[in-house]
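> Okay, handing you the structure first.
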Amino acid sequence: MLSGDMEKRQQMKDDLQRCIDAHKDELHSLSRDIWSNPELAGNEKHAHDRLVRFFSQDQTWTVQSHYKLPTAFKASWGPVSGGVGDPVLNVGFLCEYDALPGIGHACGHNLIAEVGAAAAVGLKAALENQTELPVPVKITVLGTPAEEELGGKIELINAGAFADIDLVFMAHPAQQDASFHPCIIIEEMLVKYYGKASHAAAYPWEGVNALDAAVLAYSNISVLRQQLKPDWRIHGIIKHGGEKPNIIPAYTELEFYLRTPLLKDLCDLKAKAEACFRAAAGATGCQVEITSPTPTYYNILPNATLASLYESNGKALGIHFPEQPTSFCGKRSTDFGNVSFIVPGIHPFFYICTDALNHTEEYTEAAGAEKAQLYTLRTAKALSMTAVDVVCCPDLLKKVRDDFRLAKLKQK
Ligand SMILES: NCCCC[C@H](NC(=O)CCN)C(=O)O
């Protein structure tokens, strides 16, 4: 026999599930449209317009297009319930929608957008008839572009977009369901070598070979890798290696990603990498320029209370949470990590009916397939149901906030 409060929460959860199911075709059309029009980080114009249109069609949402960033948006609803002057609890849902160069939505960000939109619409349905919630509740959907490249969430943090948000939810497609999976810190290093051109056959001795420097740099990093801690990563490409075989390259450019679980390790890895890049310059007589063009993505802070609630709601919907992550347990990073340091939240991973790996053409196909929809909408329901638990139960909200404070202290 459910208590009165439990009965009310269950009724709210039933309402949100019915709402999401009632909107399933529209939600699938939304993600399919984004999938069919892949746009790179910072250029998600069609996706931005499509999501703005999705929320604007319901006049009860207040929608701000081009919110602080050209392809970010904000959709707000509420507050409802509570008394005048009560502190409002602002629940945030995040949508990503940037694709990858050459392989489209190979990370399923079109489904991230669908999950965020569906969960928000579902929570609205659960709340709109509530007049006796513990506190007034508001819903904020943030369109957060450019996760794969520029870190749109970090730019939005710096622009104050998260200042009034109390909880934040999103979910990411993967190979299995997990309420939490460690995502590690990442920093980009851009390396430019400057040499001197000369005819490679007629008088090579007059040249200073920037491609030699690039090759040595890449080789230096490759041997350094043997001495790195097993959960550190460093990987890169030669973005520009020269123009023609008979012109000794005067300019080359390399891009590297450095990843570590902890910030102090990143400093150590950066110093080792920089030594490799400078040694290549010294060996060839080139000048070298080393920069970090994008902000550092932080690791995701865990929140045990939210993860436990998400698992409980997910299991009620039939989600299976394997005890140990298997194939998908690779090291990856996300700008949601930075958000998790300023707002309590969760970023679960969800199965989309494929064993393909992210950032592959097979995953692109899976992210646009009809069979991904059941899992996508189920994930949205679980996120939304988790939000219902927290907004209805002040004790849970306190535990969430305590987890957040403890997790931050552990990072020091
Ligand atoms: N500035 C480079 C950031 C790369 C982020 C990327 N994220 C993911 O693959 C997971 C979510 N899309 C990465 O980890 O390589």
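The values are calculated or read from the model by the stated rules, or taken from the named source; none is laboratory data. All of these numbers come straight from a predicted model, not from anything done at the bench. Ideal geometry is used to build each Cβ from the backbone, glycine not excepted, and the neighbour counts take in all protein chains shown. Keep in mind that these areas ignore ligands, DNA and RNA; they rest on the heavy atoms of the full protein, side chains included. Shrake-Rupley method; radii C 1.70, N 1.55, O 1.52, S 1.80 Å.
> What residues qualify as long-range amide H neighbours of G143, i.e. H under 5 Å apart, gap of 5 or more or another chain, H built at 1.01 Å from N?
Result for G143 returns F73, K74, A75, C95.
> Rounded to the nearest 20 Debye, what is the dipole magnitude of the stretch 188-291 about its Cα centre when Lys and Arg each give +1 and Asp and Glu each give -1 at the C-beta? Intermediate values should be presented prior to the final figure.
Details: 12 positive and 11 negative charges, 48 e Å.
Taking the Cα centre of the stretch 188-291 as origin, the dipole is about 240 debye.
> Would you mind working out the accessible area per residue for the chain, using a 1.4 Å probe, and quoting it in Å²?
Working: 17460 Å² over 412 residues.
That works out to 42 Å² per residue.
> Next up: Given axes a ≥ b ≥ c from the Cα gyration tensor, I'd like to know whether the chain is rounded (a/c under 1.5), prolate (a/b larger than b/c) or oblate. Walk me through the intermediate numbers first.
Details: a/c = 2.35, a/b = 2.06, b/c = 1.14.
It is prolate, given that a/c is not under 1.5 and a/b is the larger ratio.
> I'd like the distance separating the alpha-carbon centroids of the stretch 117-177 and the stretch 206-231, in whole Å.
Here the answer is 42 Å between Cα centres.
> Calculate how steeply helix 304-316 sits against the longest principal axis of the alpha-carbon atoms of the chain, using the helix alpha-carbon long axis, and give the answer as 0 to 90 degrees to the nearest 10.
70 degrees
> Would you calculate the separation in nanometres between label points at R18 and C353, each defined as 7 Å from the Cα along the Cα-to-beta-carbon direction?
If labels sit at R18 and C353, their model points lie 2.6 nm apart.
> Of W77, W205, which has the most accessible area and how do the rest follow, probe 1.4 Å?
W205, W77
> What is the stretch 188-291 by shape, rounded, prolate or oblate, if you read a ≥ b ≥ c off the alpha carbon gyration tensor as root eigenvalues and call it rounded for a/c under 1.5, prolate for a/b larger than b/c, and oblate otherwise?
Numbers: a/c = 2.75, a/b = 2.63, b/c = 1.05.
Here the stretch 188-291 falls in the prolate category.
> Share of the stretch 134-214's accessible area from carbon and sulfur, percent, 1.4 Å? Don't skip to the end; give the middle numbers.
Details: 1420 of 2500 Å².
C and S fraction of accessible area: 57 percent.
> Give a residue-ordered list of calculated ³J(HN,Hα) values for the stretch 356-361 (Karplus: 6.51 cos²θ - 1.76 cosθ + 1.60, θ = phi - 60°; whole Hz; x for Gly, Pro).
So the J values, rounded to whole Hz, are 4, 9, 4, 6, 10, 5.
> Any idea which of T284, N220, A210 is furthest toward the positive side of the dipole for the stretch 188-291, if Lys and Arg beta-carbons carry +1 and Asp and Glu beta-carbons -1?
Value computed over the given set: N220.
> Just report the Cα centroid separation between the stretch 1-47 and the stretch 303-373, whole Å.
About 16 Å separates the Cα centre of the stretch 1-47 from the one of the stretch 303-373.
> Where a Cα-Cα gap under 18 Å defines reach, which lysines qualify for K74, not counting those fewer than 8 residues away within the same chain?
K45, K124, K138, K153
> Multiply the residue separation of D58 and D86 by 0.36 nm, subtract the distance between their alpha-carbon atoms, and state the gained length in nm to one decimal. Display every interim value, and only then the final one.
Values: separation 28, 0.36 × 28 = 10.08 nm, distance 2.63 nm.
Full extension from D58 to D86 adds 7.4 nm.
> Quick one: dipole size for the chain, taken about the Cα centre, charges +1 on Lys/Arg Cβ and -1 on Asp/Glu Cβ, in debye to the nearest 20. Mind showing how you got there, number by number?
On the way: 39 positive and 49 negative charges, 188 e Å.
Roughly 900 debye for the chain.
> So what is the calculated 222 nm ellipticity per residue for the chain, using -39500 (n - 2.57) for each DSSP H run with n of 4 or more, over all residues, to the nearest 500 deg cm²/dmol? Mind dumping the intermediate values first?
Values: 12 runs with 170 residues, N = 412.
Helices in the chain give a 222 nm mean residue ellipticity of -13500 deg cm²/dmol.
> A further question follows. Please list, ordered by chain and number, the residues whose modelled amide H lies under 5 Å from the amide H of R332; skip anything fewer than 5 residues away on the same chain.
I184
> Taking a cut-off of 16 Å between Cα atoms, list the lysines near K264, but don't count ones fewer than 8 places away on the same chain.
Partners found: K229, K272, K408, K410, K412.
> Against the longest principal axis of the chain, how steep is helix 210-224, in degrees 0 to 90 to the nearest 10, with axes from Cα atoms?
With both axes taken from Cα atoms, the answer is about 60 degrees.
> Sticking with this one: With the Cα gyration tensor of the stretch 274-410 giving a ≥ b ≥ c as the square roots of its eigenvalues, does the rule (a/c under 1.5 for rounded; else a/b larger than b/c for prolate; else oblate) give rounded, prolate or oblate? Walk me through the numbers before you get to the answer.
Numbers: a/c = 3.14, a/b = 1.54, b/c = 2.05.
Because a/c hits 1.5 or more and a/b fails to exceed b/c, the stretch 274-410 counts as oblate.
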